[in-house]
Amino acid sequence: MLIDLHTHSAVSDGTDSPATLVATAAAAGLDVIALTDHDTTAGWQPAAAARPTGLTIVPGMELSCRWFPADEPPMSVHLLAYLFDPQHPGFAAERVRLREERLGRAERIVGNLAAAGYPITWDVVVARSAGGVVGRPHIAGALVEAGVVDSVDKAFATVLNHRSPHYVTKADTDVLDGIALVRAAGGVPVFAHGLATSRGRVVDDAALTTMTDAGLLGLEVDHPDHTPEQREHLRALAGDLGLIRTGSSDYHGTNKLTPIAACTTDPDQYEAIVAAGTGSTVVGD
């Protein structure tokens, strides 16, 4: 089985519609794909409706979180959530709050860029989102279109970087609260791209141990942003902590160069996720 458990559609910050995403997955030879858009489940139904025969879809989401080190500023971290109940009141309310926070942050960033003389407007950014959750990738796309930078990756490395004077923080979910919400909704929480130093600061093993004690069930080990050494470290740590090990592409369509199925999950680890999730079910033949 070929299994990719971290992909994004145009409902959040990918470029493929949910229907195109599942078609792309099938064409790549995948047997299982998880749809994990940021802070929303809006792509679940259209993906399921367009599912090609032979492809299994795992309902999921990527939750925007923060970790609070003892003597440092908060860190941005991401939590993958699989097979949760989308109607769970507490978790549904938190997703609404996060989307509103993301929207407000994006509008403030655009305002900062426009004030600094960049040829960008809020209306253009909203139009690029096509009704999805507006975020920095949509701003990046608008900057590429305006000729400010030559790629989305370049935008994130420069004017949209967290060190940029135009950057605006947002109040994401405390990761320990996020783990509790996912578990309360019957879902399976997996820590995403935990050692991706190219994205900024990363948590240490003690933090992941604390999260495990709080109910974390898995680590995303094989990810395009992890070096071979980082993957081996996470694989060993997952073994020590008794956590599920996943692998995935973090596919975003043309917003990133990484192809779908660039990294994959072992079948036995996928089966462990399905066994642990009680809030929703996979969609398959």
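For GLU229, all conditions in the list (1) farther than 27 Å from SER17 by Cα; (2) open to solvent by less than 70 Å² (accessible area, probe 1.4 Å); (3) of a type in the set (D, E, K, R) hold save one; what is the number of the exception?
Of (1) farther than 27 Å from SER17 by Cα; (2) open to solvent by less than 70 Å² (accessible area, probe 1.4 Å); (3) of a type in the set (D, E, K, R), only one is false for GLU229: (2).
Under the condition of being touching a residue at least 60 places away in the same chain (Cβ under 8 Å) and of a type in the set (Lys, Arg), which residue from segment 97-142 is nearest to ASP37 (Cα to Cα)?
Ranking the candidates gives ARG99 first.
Looking at segment 249-285, which of its residues are in a helix (DSSP H, G or I), open to solvent by 50 Å² or more (accessible area, probe 1.4 Å) and within 30 Å of ILE139 (Cβ to Cβ)?
THR254
Which condition number in (1) open to solvent by 20 Å² or more (accessible area, probe 1.4 Å); (2) aliphatic (A, V, I, L, M); (3) touching a residue at least 40 places away in the same chain (Cβ under 8 Å); (4) not in a loop (DSSP other than H, G, I, E, B) is the one that ALA236 fails?
Exception for ALA236: condition (3).
Could you look through segment 186-203, keep only residues that are farther than 17 Å from HIS233 by Cα and crowded, with 24+ Cβ neighbours inside 10 Å, and pick out the one that is nearest to the chain's Cα centre (by Cα)?
PRO189
In the list VAL203, VAL221, which residue meets the criterion of being in a loop (DSSP other than H, G, I, E, B), closer than 19 Å to ALA81 by Cβ and touching a strand residue (DSSP E or B) at 6+ places or on another chain (Cβ under 9 Å)? Before the answer, list the steps.
Details: VAL221 fails: in a loop (DSSP other than H, G, I, E, B).
Going through VAL203, VAL221 in turn, just one is in a loop (DSSP other than H, G, I, E, B), closer than 19 Å to ALA81 by Cβ and touching a strand residue (DSSP E or B) at 6+ places or on another chain (Cβ under 9 Å): VAL203.
Being surrounded by fewer than 19 Cβ atoms within 10 Å (Cβ to Cβ), within 18 Å of the chain's Cα centre (by Cα) and either at pLDDT 95 or above or of a type in the set (Ser, Thr, Tyr) (or both) is the filter here, so list the residues in segment 157-175 that pass it.
Residues satisfying the conditions are THR169, ASP174.
Kindly indicate which of ALA10, ALA23, ALA50, ALA19 is crowded, with 19+ Cβ neighbours inside 10 Å and closer than 24 Å to ALA130 by Cα.
Sole residue among the options that is crowded, with 19+ Cβ neighbours inside 10 Å and closer than 24 Å to ALA130 by Cα: ALA10.
Is it true that ASP150 is open to solvent by 60 Å² or more (accessible area, probe 1.4 Å), assigned to a loop (DSSP other than H, G, I, E, B) and closer than 25 Å to SER9 by Cβ? Before you say what the answer is, go through the steps one by one.
Details: open to solvent by 60 Å² or more (accessible area, probe 1.4 Å): yes; assigned to a loop (DSSP other than H, G, I, E, B): yes; closer than 25 Å to SER9 by Cβ: yes.
So ASP150 passes the test.
Going by the structure shown, is ALA42 open to solvent by 30 Å² or more (accessible area, probe 1.4 Å), in contact (Cβ under 8 Å) with a residue 12 or more places away in the chain, touching a strand residue (DSSP E or B) at 6+ places or on another chain (Cβ under 6 Å) and at negative phi?
Details: open to solvent by 30 Å² or more (accessible area, probe 1.4 Å): yes; in contact (Cβ under 8 Å) with a residue 12 or more places away in the chain: yes; touching a strand residue (DSSP E or B) at 6+ places or on another chain (Cβ under 6 Å): no; at negative phi: yes.
Taking the combined requirement at face value, the residue does not satisfy it.
Collect the residues in segment 3-39 that are outside any helix (DSSP H, G or I), polar (S, T, N, Q) and modelled with pLDDT of 95 or more, keeping them in residue-number order.
THR7, SER9, SER17, THR36
Identify all residues within segment 94-108 that are surrounded by fewer than 22 Cβ atoms within 10 Å (Cβ to Cβ) and over 14 Å from SER64 (Cα atoms); write none if there are none.
Residues satisfying the conditions are GLY104, GLU107, ARG108.
Looking at (1) modelled with pLDDT of 95 or more; (2) over 19 Å from the mean Cα position of the chain (by Cα), which one does TYR270 not meet, given that it meets all the others?
(2)
Would you say GLY29 is surrounded by fewer than 16 Cβ atoms within 10 Å (Cβ to Cβ) and either without any contact (Cβ under 8 Å) to a residue 40 or more places away in the chain or farther than 17 Å from HIS162 by Cβ (or both)?
Spelling it out, GLY29 is indeed surrounded by fewer than 16 Cβ atoms within 10 Å (Cβ to Cβ) and either without any contact (Cβ under 8 Å) to a residue 40 or more places away in the chain or farther than 17 Å from HIS162 by Cβ (or both).
Any residue at all in segment 126-141 that is open to solvent by 20 Å² or more (accessible area, probe 1.4 Å) and of a type in the set (Ser, Thr, Tyr)?
no
Has segment 81-98 got any residue that is farther than 26 Å from LEU143 by Cβ, β-branched (Val, Ile, Thr) and modelled with pLDDT under 95?
In the first step, residues of segment 81-98 are kept if they are farther than 26 Å from LEU143 by Cβ; the result is 81-97.
From the residues that got through so far, the ones that are β-branched (Val, Ile, Thr) too are 96.
Within this subset, residues satisfying the condition of being modelled with pLDDT under 95 are 96.
Scanning segment 81-98 turns up at least one residue that is farther than 26 Å from LEU143 by Cβ, β-branched (Val, Ile, Thr) and modelled with pLDDT under 95.
Quick one: in segment 53-80, of everything that is at pLDDT below 95 and among the hydroxyl-bearing types (Ser, Thr, Tyr), which residue is most open to solvent (accessible area, probe 1.4 Å)?
SER76
The values are calculated or read from the model by the stated rules, or taken from the named source; none is laboratory data. Quantities reported herein were computed from a predicted structural model and do not represent experimental measurements. We place every Cβ from the backbone using ideal geometry, glycine too, and count neighbours over all the protein chains shown. Each accessible area value is taken on the protein alone, full model and side chains, heavy atoms only, with ligands, DNA and RNA left out. Shrake-Rupley method; radii C 1.70, N 1.55, O 1.52, S 1.80 Å.
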